[in-house]
Amino acid sequence: MDFTGHVALITGAGSGIGRAAALRFAELGASVVAADVNANGGSETIRLVQEHGSEGLFVQCDVSDPVAVARMVEESVNCFGRLDFAVNNAGIGGPWQPLQNYPHDGWEKVLAVNLSGVFYCMQEEIRLMAGSGGAIVNIASIAGKQGLPNQSAYTVSKHGVIGLTRVAAQEVARHNIRVNAVCPVYTETPLFMPMIADNPRRAEKMLERIPLRRFGQPQEIADAIAWLCSEQSRFVTGQAINLDGGMTA
(Lines give C-alpha, C1' and ligand atoms only; values in the text may rest on other atoms or scores of the structure.)
Protein backbone atom coordinates (compact mmCIF):
# COMPACT_ATOMS: atom_id res chain seq x y z
CA MET A 1 0.00 0.00 0.00
CA ASP A 2 1.25 3.47 -0.91
CA PHE A 3 -0.70 6.57 0.14
CA THR A 4 1.83 9.10 -1.12
CA GLY A 5 0.07 12.27 -2.27
CA HIS A 6 -3.10 11.44 -0.35
CA VAL A 7 -4.61 13.13 2.70
CA ALA A 8 -6.19 11.39 5.70
CA LEU A 9 -8.37 13.01 8.35
CA ILE A 10 -8.60 11.17 11.68
CA THR A 11 -10.78 12.24 14.60
CA GLY A 12 -9.89 11.24 18.13
CA ALA A 13 -6.29 11.11 16.95
CA GLY A 14 -4.76 12.22 20.24
CA SER A 15 -4.33 8.70 21.61
CA GLY A 16 -5.21 5.03 21.22
CA ILE A 17 -6.62 3.76 17.93
CA GLY A 18 -6.74 7.26 16.45
CA ARG A 19 -3.05 7.90 17.05
CA ALA A 20 -2.13 4.43 15.77
CA ALA A 21 -4.15 5.10 12.60
CA ALA A 22 -2.49 8.49 12.10
CA LEU A 23 0.96 6.93 12.34
CA ARG A 24 0.00 4.07 10.01
CA PHE A 25 -1.17 6.52 7.34
CA ALA A 26 2.03 8.52 7.82
CA GLU A 27 4.11 5.36 7.40
CA LEU A 28 2.30 4.78 4.10
CA GLY A 29 3.13 8.28 2.89
CA ALA A 30 -0.12 10.18 3.48
CA SER A 31 -0.41 13.67 4.88
CA VAL A 32 -2.40 13.54 8.11
CA VAL A 33 -4.94 15.80 9.76
CA ALA A 34 -5.20 14.79 13.41
CA ALA A 35 -8.33 16.11 15.12
CA ASP A 36 -8.99 15.81 18.83
CA VAL A 37 -10.62 17.73 21.64
CA ASN A 38 -7.36 17.27 23.58
CA ALA A 39 -4.82 19.75 22.22
CA ASN A 40 -1.82 18.18 23.95
CA GLY A 41 -2.57 14.68 22.67
CA GLY A 42 -3.34 15.84 19.14
CA SER A 43 -0.21 17.96 18.92
CA GLU A 44 1.91 15.04 20.10
CA THR A 45 0.39 12.84 17.41
CA ILE A 46 1.37 15.38 14.75
CA ARG A 47 4.91 15.49 16.14
CA LEU A 48 5.10 11.72 15.71
CA VAL A 49 3.59 11.94 12.20
CA GLN A 50 6.30 14.40 11.22
CA GLU A 51 8.95 12.08 12.65
CA HIS A 52 7.72 9.57 10.06
CA GLY A 53 8.49 12.13 7.36
CA SER A 54 4.88 13.08 6.59
CA GLU A 55 3.14 16.43 6.71
CA GLY A 56 0.64 16.91 9.51
CA LEU A 57 -1.95 19.34 10.81
CA PHE A 58 -3.61 19.35 14.21
CA VAL A 59 -7.15 20.72 14.50
CA GLN A 60 -8.82 20.95 17.88
CA CYS A 61 -12.40 19.77 17.47
CA ASP A 62 -15.35 18.60 19.52
CA VAL A 63 -17.16 16.33 17.07
CA SER A 64 -20.45 16.73 18.92
CA ASP A 65 -20.53 20.33 17.61
CA PRO A 66 -21.49 20.44 13.89
CA VAL A 67 -20.04 23.94 13.50
CA ALA A 68 -16.69 22.75 14.84
CA VAL A 69 -16.79 19.73 12.52
CA ALA A 70 -17.40 21.92 9.47
CA ARG A 71 -14.49 24.14 10.52
CA MET A 72 -12.25 21.08 10.97
CA VAL A 73 -12.89 19.89 7.42
CA GLU A 74 -12.48 23.42 6.05
CA GLU A 75 -9.09 23.79 7.76
CA SER A 76 -8.02 20.42 6.37
CA VAL A 77 -8.81 21.46 2.82
CA ASN A 78 -7.26 24.89 3.25
CA CYS A 79 -4.03 23.22 4.32
CA PHE A 80 -3.80 20.26 1.94
CA GLY A 81 -6.30 21.02 -0.83
CA ARG A 82 -8.01 17.63 -0.78
CA LEU A 83 -9.33 14.79 1.35
CA ASP A 84 -8.98 11.15 0.35
CA PHE A 85 -9.51 9.20 3.57
CA ALA A 86 -11.50 9.86 6.73
CA VAL A 87 -11.42 7.86 9.95
CA ASN A 88 -14.23 8.76 12.32
CA ASN A 89 -12.78 7.48 15.55
CA ALA A 90 -13.57 10.06 18.25
CA GLY A 91 -15.57 8.49 21.04
CA ILE A 92 -16.13 8.16 24.77
CA GLY A 93 -17.09 5.25 27.00
CA GLY A 94 -19.60 6.85 29.32
CA PRO A 95 -20.80 5.68 32.73
CA TRP A 96 -20.68 2.01 33.71
CA GLN A 97 -24.20 1.64 35.09
CA PRO A 98 -27.20 -0.68 34.68
CA LEU A 99 -29.95 0.60 32.42
CA GLN A 100 -32.37 1.54 35.20
CA ASN A 101 -29.72 3.68 36.89
CA TYR A 102 -28.06 5.11 33.79
CA PRO A 103 -27.74 8.91 34.16
CA HIS A 104 -29.56 10.98 31.56
CA ASP A 105 -26.67 13.39 31.07
CA GLY A 106 -24.31 10.45 30.46
CA TRP A 107 -26.70 9.00 27.88
CA GLU A 108 -26.95 12.29 26.02
CA LYS A 109 -23.20 12.92 26.03
CA VAL A 110 -22.26 9.45 24.77
CA LEU A 111 -24.76 9.64 21.90
CA ALA A 112 -23.70 13.21 21.07
CA VAL A 113 -20.03 12.24 20.67
CA ASN A 114 -20.17 8.63 19.47
CA LEU A 115 -23.16 8.77 17.14
CA SER A 116 -24.03 12.37 16.26
CA GLY A 117 -20.31 13.09 15.93
CA VAL A 118 -19.94 10.41 13.26
CA PHE A 119 -23.05 11.72 11.50
CA TYR A 120 -21.75 15.30 11.42
CA CYS A 121 -18.31 14.19 10.24
CA MET A 122 -19.67 12.02 7.46
CA GLN A 123 -21.88 14.82 6.19
CA GLU A 124 -18.90 17.13 5.73
CA GLU A 125 -16.56 14.41 4.43
CA ILE A 126 -19.05 13.16 1.85
CA ARG A 127 -19.74 16.68 0.57
CA LEU A 128 -16.02 17.14 0.02
CA MET A 129 -15.34 13.71 -1.49
CA ALA A 130 -18.36 13.67 -3.82
CA GLY A 131 -16.39 15.12 -6.72
CA SER A 132 -13.30 12.94 -6.46
CA GLY A 133 -14.12 9.80 -4.47
CA GLY A 134 -12.57 8.51 -1.29
CA ALA A 135 -12.85 6.07 1.58
CA ILE A 136 -14.41 6.53 5.01
CA VAL A 137 -13.90 4.18 7.95
CA ASN A 138 -16.05 4.53 11.04
CA ILE A 139 -14.89 3.06 14.32
CA ALA A 140 -17.74 1.04 15.75
CA SER A 141 -17.23 -1.80 18.24
CA ILE A 142 -18.22 -5.33 19.04
CA ALA A 143 -20.79 -3.45 21.14
CA GLY A 144 -22.38 -2.58 17.80
CA LYS A 145 -23.06 -6.26 17.16
CA GLN A 146 -24.24 -7.36 20.61
CA GLY A 147 -25.31 -5.88 23.91
CA LEU A 148 -22.73 -5.04 26.58
CA PRO A 149 -24.31 -5.06 30.06
CA ASN A 150 -24.00 -1.80 32.02
CA GLN A 151 -23.04 0.08 28.85
CA SER A 152 -26.39 0.88 27.30
CA ALA A 153 -25.47 4.26 25.79
CA TYR A 154 -22.18 3.00 24.35
CA THR A 155 -23.90 -0.09 22.91
CA VAL A 156 -26.66 1.96 21.30
CA SER A 157 -24.18 4.47 19.88
CA LYS A 158 -22.10 1.77 18.21
CA HIS A 159 -25.16 0.00 16.79
CA GLY A 160 -26.04 3.40 15.33
CA VAL A 161 -22.59 3.85 13.79
CA ILE A 162 -22.99 0.55 11.94
CA GLY A 163 -26.42 1.64 10.71
CA LEU A 164 -25.05 4.97 9.46
CA THR A 165 -22.22 3.14 7.72
CA ARG A 166 -24.62 0.88 5.83
CA VAL A 167 -26.91 3.73 4.79
CA ALA A 168 -24.06 5.96 3.65
CA ALA A 169 -22.37 3.18 1.69
CA GLN A 170 -25.50 2.71 -0.42
CA GLU A 171 -26.06 6.42 -0.95
CA VAL A 172 -22.54 7.44 -1.97
CA ALA A 173 -21.30 4.46 -4.00
CA ARG A 174 -22.24 6.36 -7.18
CA HIS A 175 -19.72 9.04 -6.13
CA ASN A 176 -16.96 6.43 -5.84
CA ILE A 177 -16.91 6.78 -2.06
CA ARG A 178 -16.62 3.64 0.03
CA VAL A 179 -17.84 3.59 3.61
CA ASN A 180 -17.00 0.80 6.04
CA ALA A 181 -16.73 0.27 9.78
CA VAL A 182 -14.46 -1.76 12.01
CA CYS A 183 -15.73 -3.38 15.20
CA PRO A 184 -12.86 -3.90 17.64
CA VAL A 185 -13.10 -6.03 20.74
CA TYR A 186 -11.68 -4.64 24.00
CA THR A 187 -8.50 -2.85 22.89
CA GLU A 188 -5.63 -1.60 25.03
CA THR A 189 -6.29 2.13 24.78
CA PRO A 190 -6.53 4.97 27.32
CA LEU A 191 -10.32 4.66 27.01
CA PHE A 192 -10.42 0.97 27.90
CA MET A 193 -7.58 0.31 30.32
CA PRO A 194 -9.01 2.32 33.26
CA MET A 195 -12.08 0.07 33.14
CA ILE A 196 -10.01 -2.92 34.24
CA ALA A 197 -7.12 -1.28 36.11
CA ASP A 198 -8.75 -1.69 39.51
CA ASN A 199 -10.81 -4.77 38.67
CA PRO A 200 -8.67 -7.82 37.70
CA ARG A 201 -11.70 -10.10 37.81
CA ARG A 202 -13.46 -7.97 35.19
CA ALA A 203 -10.40 -8.30 32.94
CA GLU A 204 -10.36 -12.08 33.43
CA LYS A 205 -14.04 -12.37 32.53
CA MET A 206 -13.49 -10.32 29.37
CA LEU A 207 -10.54 -12.46 28.30
CA GLU A 208 -12.55 -15.62 28.82
CA ARG A 209 -14.81 -14.52 25.97
CA ILE A 210 -11.94 -14.06 23.48
CA PRO A 211 -10.60 -17.29 21.92
CA LEU A 212 -7.18 -15.73 21.23
CA ARG A 213 -7.02 -14.93 24.96
CA ARG A 214 -5.73 -11.38 24.72
CA PHE A 215 -6.98 -7.86 24.19
CA GLY A 216 -6.64 -6.03 20.90
CA GLN A 217 -3.75 -3.69 20.13
CA PRO A 218 -4.27 -0.24 18.53
CA GLN A 219 -1.80 -1.09 15.76
CA GLU A 220 -3.87 -4.11 14.75
CA ILE A 221 -6.95 -1.94 14.34
CA ALA A 222 -4.94 0.68 12.45
CA ASP A 223 -3.70 -1.95 9.98
CA ALA A 224 -7.29 -2.94 9.19
CA ILE A 225 -8.32 0.70 8.78
CA ALA A 226 -5.51 1.33 6.32
CA TRP A 227 -6.46 -1.76 4.32
CA LEU A 228 -10.07 -0.56 4.08
CA CYS A 229 -8.83 2.72 2.63
CA SER A 230 -6.51 1.07 0.13
CA GLU A 231 -7.02 -0.18 -3.40
CA GLN A 232 -6.71 -3.70 -2.01
CA SER A 233 -10.26 -3.32 -0.66
CA ARG A 234 -11.71 -1.48 -3.64
CA PHE A 235 -14.77 -3.80 -3.84
CA VAL A 236 -15.55 -3.59 -0.11
CA THR A 237 -18.20 -1.16 1.10
CA GLY A 238 -21.02 -1.12 3.62
CA GLN A 239 -19.28 -3.65 5.86
CA ALA A 240 -18.79 -3.73 9.62
CA ILE A 241 -15.74 -5.92 10.07
CA ASN A 242 -15.17 -7.68 13.39
CA LEU A 243 -11.67 -7.35 14.87
CA ASP A 244 -12.37 -9.42 17.94
CA GLY A 245 -9.95 -12.29 18.36
CA GLY A 246 -12.79 -14.71 17.61
CA MET A 247 -15.18 -13.38 20.26
CA THR A 248 -18.27 -13.36 18.04
CA ALA A 249 -17.44 -16.77 16.58
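The values are calculated or read from the model by the stated rules, or taken from the named source; none is laboratory data. The structure presented is a predicted model; accordingly, all values stated were derived computationally and were not measured. Cβ: placed from backbone, ideal geometry, glycine included. Neighbour counts: every protein chain shown. Side chains are part of the model used for accessible areas, which takes the heavy atoms of the whole protein and leaves out ligands, DNA and RNA. Shrake-Rupley method; radii C 1.70, N 1.55, O 1.52, S 1.80 Å.
Any aspartates and glutamates with Cα under 18 Å of the residue 109 Cα? List them, leaving off those in the same chain fewer than 8 positions away.
36, 62, 65
By the gyration tensor of its Cα atoms, with a ≥ b ≥ c the square roots of the eigenvalues, what is the shape of region 1-88: rounded for a/c under 1.5, prolate for a/b over b/c, or oblate?
Numbers: a/c = 1.81, a/b = 1.27, b/c = 1.43.
Judged from the Cα gyration tensor, region 1-88 comes out oblate (a/c at least 1.5, b/c at or above a/b).
Would you mind telling me which residue in 132, 15, 116 has the biggest mean-square fluctuation in a Gaussian network model of the chain, where springs connect alpha carbons within a distance under 10 angstrom?
The residue that fluctuates most here is 132.
What accessible surface, in Å², does a 1.4 Å probe find on residue 36, ignoring ligands, DNA and RNA and rounding to the nearest 10?
Counting only protein heavy atoms, the figure is 20 Å².
Quote the relative contact order of region 8-60 in percent (integer), defining contacts as alpha-carbon pairs under 8 Å separated by 6+ residues.
Values: 114 pairs, mean separation 20.3, N = 53.
The value is 38 percent.
Give the separation of the Cα centroids, region 158-182 to region 1-33, in Å.
Cα centroid to Cα centroid, the span is 20 Å.
In whole percent, how big is the carbon plus sulfur part of the accessible area of the chain, probe 1.4 Å, protein atoms only?
The nonpolar share, carbon plus sulfur, comes to 51 percent.
Calculate the length of the line joining the C-alpha centroid of region 44-123 to that of region 188-205, in whole Å.
When both Cα centres are located, 24 Å separates them.
Can you give the log10 of the normalised intensity I(q)/I(0) at q = 0.15, 0.18, 0.31, 0.32 Å⁻¹, computed with Debye over equal Cα scatterers of region 160-206?
Log-scaled intensity ratios, in q order: -0.58, -0.65, -1.07, -1.10.
How far apart, in nm, are two points set 7 Å out from the Cα along the Cα-to-Cβ line at residue 207 and at residue 167?
Result for the modelled spin labels: 4.0 nm.
How much solvent-accessible surface does residue 67 expose, in Å² to the nearest 10, with a 1.4 Å probe and all protein chains in place?
Probe radius 1.4 Å; accessible area of residue 67 about 100 Å².
Can you give the extra length, in nm with one decimal, that the chain gains between residue 51 and residue 4 once fully stretched, where that is 0.36 nm per residue apart less the Cα-Cα distance?
Length difference between fully extended and current span is 15.3 nm.
Once amide H atoms are placed 1.01 Å from N in the peptide plane, what residues at a sequence separation of 5 or more from residue 87, or on another chain, have their amide H within under 5 Å of its amide H?
So residue 87 has HN proximity to 9, 10, 11, 137.
Taking 0.36 nm per intervening residue step and subtracting the Cα-Cα distance, what contour gain separates residue 105 from residue 150 on full extension?
Stretched fully, the residue 105-residue 150 segment lengthens by 14.7 nm.
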